[in-house]
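Below is one structure, written out as structure tokens; comments come after it.
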Amino acid sequence: MEGHEPVTILMVDDQPGKLLSYEAMLADLGENLLKATSASEAFEHLLKTDIAVILMDVNMPEIDGFALAAMIRQHPRYQQTAILCISGVHLTDRDMLKGYESGAVDYMTVPIIPALLRAKVRVFVELYRKTVTLQHLERDVQRSQHLLLLGRLAATVSHEIRNPLGAMTLHVELLQEEMRQPSPTSAEAIAESFTEITTQLARLHDLVEDYLSLARVATIERTLQDVGAAVEAWAHEWQELLTTKGVLLQLDRMTDLGQAVFHASTLRRVLLNLVHNALDAMPQGGTLTLAGEVSATHVQLHIRDTGSGIPAEQLPHIFEPLYTTKPAGTGLGLYIVREIITAHAGQITVQSRAGHGTTFTLTLPRAGD
């Protein structure tokens, strides 16, 4: 259509002659037309190309259109795509209901009226365009909100930086004084000052890293990787830390998770943040379980501790920016965690009860959205 970039329409039928007739009927729309004579060929197109509308024959020898529609709907990218089913025989109400339950949005029976087919497909194409435009607007709004938040956080971080800088300045002055006028307790005072300076440097490092992580969230690039292998490698890195804290680490169902789409360093930061939170909740030791779960479309990671749990009144606020219950907390940790998972087209949920531990669940797509 004039003024628009062409979108792609996928036509699926095991009879090449029918595909040619559909192509002739839809040529005037000016869109890109792809043909597939089998389910496997259709999926090959779906994985490589963004499809706006799918036309498919209900009765195919390899797999019927209802089953194919249901399989297409399992893919995160095509959960809302318009699927128009075409049947060579009259469909009963039960057949049509089955099709709607499988993911079809409309039906036509042969003989096909070309003008009617074009009208239906044109409507679905325009709906697709409007949906894409809305998604772009939503992303622009999210990006603007993200920049506004970064501005707020920049002011907060600059204020927070003054505190450790002030403390370090004070202890440097104390060190200078001890060096000018040594006393019997100088060694102890110098050690205390160095310890405090080291602590404040670590806080500065955390503040800067939190801010940089949030600033980079919008630009991460995800690739298909073995999520179970990655988590096992990270868990091995953290084993010594957990042992020194008296925490037993358990890995459950990691070997069969397969691949997911993620950015390794930022996902590692998410898990490490949740691990540190779990350690804070188990000061006397306990058990930390990293468990995996997989479905046709998603991979889930459960981070479960046996700690003190989160009070019910705090749960609604834990992902809010600048919200913290820790005296030395920045209030950015869990907010950054949520932003990173959102940038992965995933989601994070939490279940917790005071005195009964906490479970965070990360859900990631197995394929690009």
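Mind listing the phi-derived Karplus ³J(HN,Hα) values for the stretch 298-307, rounded to whole Hz, using 6.51, -1.76 and 1.60 with θ = phi - 60°, and x for any glycine or proline? Taking θ as phi minus 60°, the curve returns 9, 10, 10, 10, 9, 10, 10, 10, 10, x Hz for the stretch 298-307. Length available on full extension from Gln284 to Thr195: 0.36 nm per residue minus the Cα-Cα distance, which gives 29.7 nm.
Each residue of the stretch 259-265 is assigned a 3J(HN,Hα), and the resulting list reads 9, 9, 9, 7, 9, 4, 5 Hz, derived from the Karplus form 6.51 cos²θ - 1.76 cosθ + 1.60 (θ = phi - 60°), x at Gly and Pro. For a straight C-alpha distance cut-off of 20 angstrom, the aspartates and glutamates reachable from Lys48 (same-chain residues fewer than eight places away being disregarded) are Glu5, Asp13, Glu31, Glu221, Asp369.
For the pair Leu315 and Val172 in one chain, pulling the backbone fully straight at 0.36 nm per residue adds 47.4 nm over the alpha carbon distance. Site pair Asn32 and Leu224 shows an inter-label distance of 1.9 nm when each label is modelled 7 Å from Cα along Cα→Cβ. Fully extended, how many nm does the chain gain between Thr255 and Glu138 (0.36 nm per residue separation, minus their Cα-Cα distance)? Stretched fully, the Thr255-Glu138 segment lengthens by 38.4 nm. What is the stretch 247-369 by shape, rounded, prolate or oblate, if you read a ≥ b ≥ c off the alpha carbon gyration tensor as root eigenvalues and call it rounded for a/c under 1.5, prolate for a/b larger than b/c, and oblate otherwise? Taking the square roots of the gyration eigenvalues as a ≥ b ≥ c, the stretch 247-369 is oblate. Each label was represented as a point 7 Å from its Cα along the Cα-to-Cβ direction; for Glu44 and His205 these points are 5.2 nm apart. Close amide H partners of Thr287, meaning residues 5 or more places away or on another chain with modelled amide H under 5 Å apart, are Leu248, Thr306. Other residues with beta-carbon under 12 Å from the beta-carbon of Val125 carry, at +1 per Lys or Arg and -1 per Asp or Glu, a net charge of +2.
With a cut-off of 12 Å between beta carbons, the residues surrounding Lys48 carry a summed charge of -2, where Lys and Arg count +1 and Asp and Glu -1. Counted by neighbouring Cβ atoms within 10 Å, the residues His298, His205 run from fewest to most as His205, His298.
Model label sites at Arg122 and Ala233, defined 7 Å from Cα along the beta-carbon direction, differ in position by 5.4 nm. Rounded, prolate or oblate: pick one for the stretch 227-272, where a ≥ b ≥ c are the square roots of the eigenvalues of its C-alpha gyration tensor, a/c under 1.5 means rounded, and failing that, prolate if a/b is larger than b/c, else oblate. Here the stretch 227-272 falls in the oblate category.
None of the figures in this text is laboratory data; all of them are computed from the coordinates on show. If you're wondering where the values come from, they're calculated on a predicted model, not measured in any experiment. We place every Cβ from the backbone using ideal geometry, glycine too, and count neighbours over all the protein chains shown.
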